[in-house]
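**Q** Below is the structure I would like to discuss, written out as structure tokens.
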Amino acid sequence: MNKNKKILIVGAGIAGISLYRKLRAFGFSPDIIEQADSWRQDGAAICLPANAVLELDKLGLKDELLNSAHQVFDIEYALADGRELASASLKQSPCDKAPFVALMRGKLMEILRAGIDLAEVKFSTQIDSISQSSEQVLVNFNHGGTAQYDLVIAADGINSKTRGLVFPNSELNYSGVTNWRFTAQISTKNLHPVYYVGSDSAFMIYPIADDKVYCYAQIFDKDKSYFNQAAHEAIQTLFKHYCQPVQQAIAQLNRQDIVVGELKSVSQVKAVQQKVLLIGDALHGCPPSLQQGVGLALEDVNCISELLAQMPIEQALVQFESNRLTRIKWVVDESNKIIKLAGIGRFAIGRFLRNLKIKKGGPANVIGWKKLLSEKAY
Ligand SMILES: Cc1cc2nc3c(=O)[nH]c(=O)nc-3n(C[C@H](O)[C@H](O)[C@H](O)COP(=O)(O)OP(=O)(O)OC[C@H]3O[C@@H](n4cnc5c(N)ncnc54)[C@H](O)[C@@H]3O)c2cc1C
């Protein structure tokens with residue numbers, strides 16, 4: 001069904017390129033545009049909880065993924081001085097549905113792009129404006145061309161221009177958190193992921209290969225003073241009182257490889273406007289507290305592809321919203337709550353309550369993964 005319909009995918013990132021693969025495998029011939037002038041070089045690494053791996057399996061990419069990724073089996077939360085707060089095994093149900101892995105972001109992109117020719121993607125291309133009738137979407141591109149589509153699927157990331165065009169009042173919420181990501185050469189023998197929490201800062205060390213770890217560091221930084229500092233200096237100042245494994249990772253960091261960012265979140269979860277559908281971060285970009293960006297994006301991809309293969313476009317869009325929005329809203333809300341919880345540690349009483357919650361309940365991300373893995377993705 002719908003194989004002769006004209007579909008445009010906006011953005012060739014994780015969601016867009018996966019959707020292009022999947023639709024092509026189902027016999028569709030979508031167009032795909034990307035604002036960059038070639039494949040983006042993504043820095044640092046990415047952690048993939050089991051639901052992301054289940055979706056990569058449906059894309060036929062699980063073996064390639066597991067050949068390039070590092071599997072982890074336990075998660076620990078600890079204080080900045082290294083004392084354990086809580087830990088959890090990923091070998092127990094429902095976390096044992098698929099491996100939890102991590103790998104370099106660039107490697108994940110290489111796996112998703114494999115077999116797709118550069119010429120298939122229209123690079124340096126963006127949508128300037130969109131107008132819709134009940135049947136079609138008329139798209140004006142930045143280089144002056146115009147085209148009619150039966151469906152436009154926006155996978156243009158958290159700053160989605162398409163979202164702004166179809167939902168004009170959809171500003172992002174800023175959490176006031178600055179973060180840094182980098183990798184470091186460290187032996188990972190007997191190492192499991194540890195999330196160290198300080199007052200209002202945090203530092204994660206996650207093994208991604210036999211001799212490499214992925215580090216994620218964050219601080220509440222409303223006035224952006226750390227954001228505006230040289231990244232390596234800010235990291236060295238903020239985390240100097242953290243325990244030895246953190247010091248070891250910081251000592252190994254390569255200044256050129258640090259990715260700096262601010263955490264933000266969509267302010268509303270709205271997926272469909274007539275014949276325009278948002279997926280991936282364009283729909284549910286939020287802080288990475290549950291590391292659900294890729295998992296949710298690939299669930300979106302597999303869900304909409306399967307629906308489009310089975311039913312008319314209008315019906316597929318209604319069904320997509322019905323299958324997906326409750327789960328997506330929960331992830332966005334919960335991810336923002338976990339970030340707020342990290343922030344209350346700047347006051348002694350807040351720190352006491354936060355640490356007590358972690359000690360009693362266990363690692364916040366594992367609680368979230370258990371819920372997500374025990375329900376249907378779509
Ligand atoms: C600090 C941090 C750490 C994270 N860690 C994890 C993690 O460990 N695990 C995890 O699962 N997720 C993580 N995420 C989230 C994850 O990175 C995103 O969810 C994921 O990249 C979303 O993919 P996407 O394809 O929707 O968007 P993107 O990856 O942003 O891709 C969007 C694509 O669209 C293109 N584009 C943008 N605008 C336009 C336009 N107007 N026209 C055409 N093309 C356009 C872009 O160039 C890009 O290629 C993290 C996010 C952050 C901020």
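**Q** Roughly how many Å² is the accessible area per residue of segment 1-153, as a whole number, for a 1.4 Å probe?
**A** Value returned for segment 1-153: 43 Å² of accessible area per residue.
**Q** Moving on to the next point. Let me make sure I get this right: for segment 122-270, a, b and c are the square roots of the gyration tensor eigenvalues over alpha carbons, sorted descending. Under 1.5 in a/c it's rounded, otherwise prolate if a/b > b/c, else oblate. Which is it? Walk me through the intermediate numbers first.
**A** Details: a/c = 2.92, a/b = 2.28, b/c = 1.28.
It is prolate, given that a/c is not under 1.5 and a/b is the larger ratio.
**Q** Okay, moving on. Which of Q268, L19, H232 sits farthest toward the positive end of the charge dipole of the chain, with +1 on the Cβ of Lys and Arg and -1 on the Cβ of Asp and Glu?
**A** Q268
**Q** Let me ask another. What list of ³J(HN,Hα) values in whole Hz, one per residue of segment 264-272 in order, does the Karplus curve 6.51 cos²θ - 1.76 cosθ + 1.60 (θ = phi - 60°) give from phi, with Gly and Pro shown as x?
**A** 9, 8, 5, 8, 8, 10, 10, 9, 10
**Q** Residues with amide H under 5 Å of G82's amide H, sequence separation 5 or more or different chain, H placed in the peptide plane at 1.01 Å from N; which?
**A** C243
**Q** Could you state the principal axis extents of the C-alpha atoms in segment 144-193, from the largest down, to the nearest angstrom?
**A** 55, 27, 21
**Q** For the chain, set up a GNM with springs between Cα atoms under 10 Å and report which of Q292, Q256, Q268 has the largest fluctuation.
**A** Result: Q256 has the largest fluctuation of those listed.
**Q** Can you list residues whose amide H is under 5 Å from L172's amide H, if they're 5+ apart or on another chain and H is modeled 1.01 Å from N?
**A** Here nothing satisfies the definition.
**Q** Next question, about the same structure. On average, how much area does the Cα convex hull of the chain cover when viewed from any direction, in nm²?
**A** Numbers: hull surface 72.6 nm².
Approximately 18.1 nm², given one-decimal rounding.
**Q** Still on this structure, please answer the following. What shape does segment 1-75 take by its C-alpha gyration tensor, where a ≥ b ≥ c are the square roots of the eigenvalues and a/c under 1.5 counts as rounded, a/b above b/c as prolate, and the rest as oblate? Intermediate values should be presented prior to the final figure.
**A** Working: a/c = 3.00, a/b = 1.56, b/c = 1.93.
Here segment 1-75 falls in the oblate category.
**Q** Looking at segment 78-179, what % of the alpha carbon pairs are farther apart than 25 Å? Walk me through the numbers on the way to the answer.
**A** Numbers: 2819 of 5151 pairs.
Roughly 55 percent, once rounded to a whole number.
**Q** Per residue, how large is the accessible surface of segment 239-303? Use a 1.4 angstrom probe and give square angstrom. Display every interim value, and only then the final one.
**A** Working: 2240 Å² over 65 residues.
Accessible area per residue, segment 239-303: 35 Å².
**Q** Right, here's the next one. I'd like the distance between the alpha-carbon centres of segment 87-115 and segment 160-184, rounded to an integer number of Å.
**A** If you average the Cα positions of each part, the centres end up 24 Å apart.
**Q** Separate question: Going by Cα centres, segment 42-63 and segment 288-351 are how many Å apart?
**A** Each part's Cα centre sits 16 Å from the other's.
**Q** Right, another one. Kirkwood hydrodynamic radius for segment 159-233: how many Å is it when counted over pairs of different Cα atoms? Please report the intermediate quantities before stating the final value.
**A** Numbers: mean 1/r = 0.0672 Å⁻¹.
Final number for the Kirkwood radius of segment 159-233 is 14.9 Å.
**Q** List every residue whose amide H lies under 5 Å from the amide H of K212, counting only residues 5 or more places away in sequence or on a different chain, with H placed 1.01 Å from N in the peptide plane.
**A** Answer set, sorted by chain and number: I186, T188.
**Q** Quick one: Karplus J couplings for segment 283-300, per residue in order, coefficients 6.51, -1.76, 1.60, θ = phi - 60°, nearest Hz, x for Gly and Pro?
**A** 8, 9, x, 7, x, x, 4, 9, 6, 9, x, 6, x, 5, 4, 6, 5, 4
**Q** So, one more: What are the ³J(HN,Hα) values, in whole Hz, obtained from phi via the Karplus relation 6.51 cos²θ - 1.76 cosθ + 1.60 with θ = phi - 60°, for each residue of segment 175-183 in sequence order, with x given for Gly and Pro?
**A** Whole-Hz 3J(HN,Hα) from phi for segment 175-183: 8, x, 10, 9, 9, 10, 10, 7, 10.
**Q** At q = 0.10, 0.20, 0.21 Å⁻¹, work out log10 I(q)/I(0) for segment 12-162 with the Debye formula, treating every Cα as an identical point scatterer and leaving solvent out; two decimals please.
**A** -0.49, -1.27, -1.35
The values are calculated or read from the model by the stated rules, or taken from the named source; none is laboratory data. Please read these numbers as outputs of a predicted model, since none were measured by experiment. Cβ atoms come from the backbone with ideal geometry, glycine included; neighbour counts cover every protein chain shown. To get the accessible areas, we keep the full protein, side chains included, count just its heavy atoms, and leave off ligands, DNA and RNA. Shrake-Rupley method; radii C 1.70, N 1.55, O 1.52, S 1.80 Å.
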